[in-house]
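J.: I have a structure here, written as structure tokens, and I will follow up with some questions on it.
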Amino acid sequence: MTDPYDPSLPRSSSDLGGPPGTGPRVTPPSLGVDPAATAGREPLGAPPAGAPVSGGSGHPAPGFNEKGHVRATKTSGVWIGLIATALFVILLIIFIAQNSRRVTLNYFGWEGQFSLALALLLAAVLGMLLVAIPGTLRIMQLRRSLRKNAPGGRSLG
């Protein structure tokens, strides 16, 4: 194998007898990068080797992004959401099984016996509602304001 950085090798297309710009591209090694370690890799930002490209235009084929990866769809988002939900439910079942002992709760003179898991889950749900309700109201307020102030009277949603 020949060393592409060997000074005795031709460096330009004129050395090869062809028109300028048609010779082999030889780049000097950059600082701290071993050329052997990067051999065979695509340049940064280039689609992976074998990535579908539509009709030689340089644009990715339908269904692929510029990096050659399959584009995310609504269905794939729902699928990932279902998997995450299933994992959450499994963890919830484990939590309930491990915290099934009964505890006494007192609140403004009211007293009751509940499972520890149920009491903690109820507290978590109420906490989420305390955050979600005002957040939802603020989002609705901002959307209403955007619709009212949209240029040309266009609707944004």
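J.: So which of Leu82, Leu105 is open to solvent by 80 Å² or more (accessible area, probe 1.4 Å), free of Cβ contacts under 8 Å to residues at least 60 places away in the same chain and within 25 Å of Ala123 (Cα to Cα)?
T.: After ruling out the rest, the residue left standing is Leu82.
J.: Which one of these does Leu87 not meet: (1) open to solvent by 90 Å² or more (accessible area, probe 1.4 Å); (2) not in a helix (DSSP H, G or I)?
T.: (2)
J.: Mind checking whether some residue in segment 114-122 is out of contact with any Cys (no Cβ under 6 Å at 6 or more places or on another chain) and loosely packed, with under 11 Cβ neighbours inside 10 Å?
T.: The answer is no; no qualifying residue exists.
The values are calculated or read from the model by the stated rules, or taken from the named source; none is laboratory data. Note that the coordinates shown come from a computational prediction; the quantities given were computed from them, not determined experimentally. As a convention, Cβ positions derive from the backbone with ideal geometry for all residues, glycine included, and neighbour counts pool all protein chains shown. Areas reflect the complete protein model, heavy atoms only, side chains present, ligands, DNA and RNA absent. Shrake-Rupley method; radii C 1.70, N 1.55, O 1.52, S 1.80 Å.
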